[in-house]
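A.B. asks: Please find one structure pasted underneath; my questions will follow.
The values are calculated or read from the model by the stated rules, or taken from the named source; none is laboratory data. Every value quoted in this text rests on a predicted model; they were computed, and no experiment measured them. Using ideal geometry, Cβ is built from the backbone for each residue, glycine included, and neighbour counts are taken over all protein chains shown. To get the accessible areas, we keep the full protein, side chains included, count just its heavy atoms, and leave off ligands, DNA and RNA. Shrake-Rupley method; radii C 1.70, N 1.55, O 1.52, S 1.80 Å.
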Amino acid sequence: MRLQLKRQGIINRLRARLERDSYPRLQMILIIFITGAAGFAASFGMLRLGIDDMWVRYPLAVGAAYLAFLILLWLWLRTRADDWASADIPVPANNCPGNAADLTDADPLSEAISATAQADEIAIPLLILLFLGIAILSTLWIVYTAPALFAELLVDGALAGALYKRLRRAESRHWLTTAIQLSWRPFLITAIVLSASGFAMVEMAPEARTFSEFLHYSESE
C-alpha cells in the first residue's frame, strides 16, 4: 500500500508538470483526430472489400482505430522519453495519498446505453442522435483525462527504470497494460454505440451501406 501511494504521488506530480509545461489535452485532440481518420480509412477499406453491413463494419473500424490509438500513444511516449527521462520528480512522503482521477471506475455513459435498449422503433432517429452524442462524450472523456493518462504512461514507460529504483521494489507495469486499462471503456462504448446506430439505420433504410446513403434516403422520404 505504501509503495502504491508513492507511485500515485509521482503520477500526480507528473500530471501537474504536464499541465503546466505542455498541452496534454491539445496533444490528445490531435491523437484522437488521427485515430478517427484511421477508423474512417478502415471503414472505407472494409466497404470496398464488400463488408456492407454498417452494424458490423463500424465496430470493426473502431477496433482498427483503437489499434492506431495505441500506436500513437507509443509514438508519443517515445518522443517524450528524452524530455522526461532526466526529470527530477520528487518522491512524495509515504503517507501522501494520490488524488488523481480514477479512470478505471465504471463509466456512467454505459448506463445511458442500457437505458435506451428497450426504446420503440418510432424513436430510432432520436436514438441515433443519442448514440452519436454518447460517442462524442466518450471522446471528450479521453481528452479530459489526457493529463492523467499521459502521466501514468510516463511512469510505466519512459521513466520506469529511474523512478521504480527510487520506489525500491515496487512492481512495474508495462506501458501497454496501463494504456489499455485507462482507455478501453470509451472505445468499447463507441463500438457498441456505432454498431447500434448502424443497425438502426439499416432498419430504416435497408439499402443504405453508409451514413451518407442513409441521409440521402431520409431526405428522399
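A.B. asks: Can you give me the distance in nm between label points at Tyr217 and Ala16, each placed 7 Å from the Cα along the Cα-to-Cβ direction?
C.D. replies: Here the modelled spin labels are 5.5 nm apart.
A.B. asks: When only the heavy atoms of the protein chains count and the probe is 1.4 Å, how do Glu19, Glu207 rank by accessible area, highest first?
C.D. replies: Numbers: Glu19 85, Glu207 160 Å².
Heavy-atom accessible area, descending, gives Glu207, Glu19.
A.B. asks: Same structure again: Work out from phi, with θ = phi - 60° and the Karplus expression 6.51 cos²θ - 1.76 cosθ + 1.60, the ³J(HN,Hα) of each residue of the range 15-29, listed in order in whole Hz, and give x for Gly and Pro.
C.D. replies: 4, 4, 5, 4, 5, 7, 9, 9, 10, x, 6, 5, 4, 5, 4
A.B. asks: A follow-up question, please. From largest accessible area down, sort Ser138, Ser195, Ser218; use a 1.4 Å probe on the protein chains.
C.D. replies: Ser218, Ser195, Ser138
A.B. asks: I'd like the accessible area for Asp53, computed on protein heavy atoms only with a 1.4 Å probe and all protein chains in place. Round to 10 Å², please.
C.D. replies: So the heavy atoms of Asp53 present about 80 Å² to solvent.
A.B. asks: What is the sum of charges around Arg48, taking Lys and Arg as +1, Asp and Glu as -1, for the other residues whose C-beta is under 12 Å from the C-beta of Arg48? Don't skip to the answer; put the middle values down first.
C.D. replies: Numbers: positive: Arg57, Arg209; negative: Asp52.
Taking every Cβ under 12 Å from that of Arg48, the sum is +1.
A.B. asks: Quick one: order His174, His216 from most to least accessible surface, probe 1.4 Å. Let's see the in-between values first.
C.D. replies: Values: His174 110, His216 130 Å².
So the residues, ranked largest to smallest area, are His216, His174.
A.B. asks: Continuing with this model, one more query. Run the numbers for Arg78 and Ile51: contour at 0.36 nm per residue of separation, minus the present Cα-Cα distance, in nm. Numbers along the way, then the final one.
C.D. replies: Numbers: separation 27, 0.36 × 27 = 9.72 nm, distance 3.55 nm.
Value of the extension gain: 6.2 nm.
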